[in-house]
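To start, the structure itself, in structure tokens.
The values are calculated or read from the model by the stated rules, or taken from the named source; none is laboratory data. Just so you know, these numbers come straight off a predicted model, no measurement behind them. Virtual Cβ from ideal backbone geometry, glycine too; neighbours counted across all protein chains shown. Quick note on the areas: whole protein, heavy atoms, side chains included, nothing else; ligands and nucleic acids left out. Shrake-Rupley method; radii C 1.70, N 1.55, O 1.52, S 1.80 Å.
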Amino acid sequence: YSCVGVWQNNRMDIFANHQDNRTTPSYITFEETECLIITITISTQASAALAPMRTWTAVTLALSVAIIASGGCQALLFRQPAIAARGRPATATSTNGGPCHSQRRTIGASMMAATSAVTPDESVLAGCKLTYFGIPGRGEAIRLALAIGEVEFEDKRVPFPAWSKVKPTTPWGTLPVLELADGSQLAQARSVLRFVGKHTSLYPADPLVAQRVDELMDALEDLGATINNVGQGLAKEEKEAARLVAVSEGGAVYDILAKIDAFIQANGTGGYAVGAEMNIASILTFTNIGRLVGGVFYGVPPTVCNPFLNIQHVRKTVGINPAVIAWYDARIDQQKSLDKLSPAEQILVGCRNM
């Protein structure tokens, strides 16, 4: 929701952004003999002090500043790195310029339009409804992303006996489905999670970091498919034995876990799966690993991830996030006790104590 302000005629002129919003202006300063054309800051994260339910960091953005020199209006373009957080915009000044009021307004409008696509817009999610079954499953990461993003939403849980009636009303005959306030239905779990991430500052704006997030999410999908395929068609005891082999050292699932652990080591820091702040990669790691060890796949012991310290660190970091703690505390209150939650959900709750 950044906008632009210019001090002129002994007052601050605030230019509305594309949402007609005039709050959180960027600062523009200049001396009597100077003229700054524009400064844009785009805040994708707020500080922890301003948003105690999140862990936020500032983003670094290259600021393009055009300086129009007096006497012939020759243009000089330079780029200056700036670090800004929501409510703390960067400040810059030009040199050797004269009054250029019309250029300020023109450049400000064009740059705001060019950058608005990467500005988080939580209002898109206002009044949304997430429909999924009454288990963590493929919908839990979306629930937690909405909770961490401080989005108030309806958490609709479909009882399994009612699924046959609900199924024809969904876009693909699957859940989860996210319904927006205008009635639009968004489906496919990872696609919806990515959409929510983009509108809650939980999906990176940097293309390379975003690719790493998507890469890990796809690897986690492979993990689930691999364990699900182990022992298909076998009797229960034989299937459990096959799964135990698969999650033990040298097994197919163990190998994927080792690769995920190494990926986090290379691409994450501070207990986060990718980068140094909360995003949907860490959230999906938390929920998918919880599903793996949470009793969904019989024969997989809850200790299977103990050798993988980076994975465990991510589980702990997400588990102690204030919004995640509040979410599960509310779930326990709803169900009257921890024991009433599904085994997989109990595992997720327990990550705060790892």
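For the reader, a short list of remarks on this structure follows.
- Looking only at residues in region 263-285 that are within 18 Å of P307 (Cβ to Cβ) and touching a residue at least 24 places away in the same chain (Cβ under 8 Å), the one that is most open to solvent (accessible area, probe 1.4 Å) is Q265.
- Qualifying residue in region 337-353 (condition: assigned to a helix (DSSP H, G or I), hydroxyl-bearing (S, T, Y), more than 22 Å from P207 (Cα to Cα) and open to solvent by less than 60 Å² (accessible area, probe 1.4 Å)): no
- Of the residues screened, G224 is not one that is open to solvent by 60 Å² or more (accessible area, probe 1.4 Å) and either under 17 Å from F308 (Cβ atoms) or of a type in the set (A, V, I, L, M, F, W, C) (or both).
- Of the residues screened, D333 is one that is farther than 30 Å from K198 by Cβ, open to solvent by 40 Å² or more (accessible area, probe 1.4 Å), in a helix (DSSP H, G or I) and of a type outside the set (G, A, S).
- The set of residues in region 295-324 that are in a helix (DSSP H, G or I) and open to solvent by 50 Å² or more (accessible area, probe 1.4 Å) comprises L309, H313, K316, P322.
- Residue among K340, K336 that is more than 19 Å from the chain's Cα centre (by Cα) and over 29 Å from E240 (Cβ atoms): K336
- Region 140-166 - residue that is touching a Ser or Thr at 6+ places or on another chain (Cβ under 8 Å) and in a helix (DSSP H, G or I) and, of those, most open to solvent (accessible area, probe 1.4 Å): V166
- Pairs, first over 13 Å from L144 (Cβ atoms) in region 325-354, second polar (S, T, N, Q), C-beta under 8 Å, six or more apart: L338/Q346; D339/Q346; L341/Q335; M354/Q312
- Selection within region 167-193 - in contact with a helix residue (DSSP H, G or I) (Cβ under 7 Å, 6 or more places away or on another chain) and open to solvent by 30 Å² or more (accessible area, probe 1.4 Å): L186, R190
- Which listed residue is polar (S, T, N, Q), assigned to a loop (DSSP other than H, G, I, E, B), over 25 Å from N353 (Cβ atoms) and open to solvent by 50 Å² or more (accessible area, probe 1.4 Å), from Q211, Q232: Q232
- Check on Y328, outside any helix (DSSP H, G or I) and among the aromatic types (F, W, Y): no
- Condition check for R243: among the basic types (K, R), open to solvent by less than 80 Å² (accessible area, probe 1.4 Å) and part of a helix (DSSP H, G or I): yes
- Given (1) touching a residue at least 40 places away in the same chain (Cβ under 8 Å); (2) within 18 Å of G294 (Cα to Cα), number of the condition A181 does not satisfy: (2)
- Verdict on G270 being at positive phi, in contact with a strand residue (DSSP E or B) (Cβ under 7 Å, 6 or more places away or on another chain) and not charged (D, E, K, R): no
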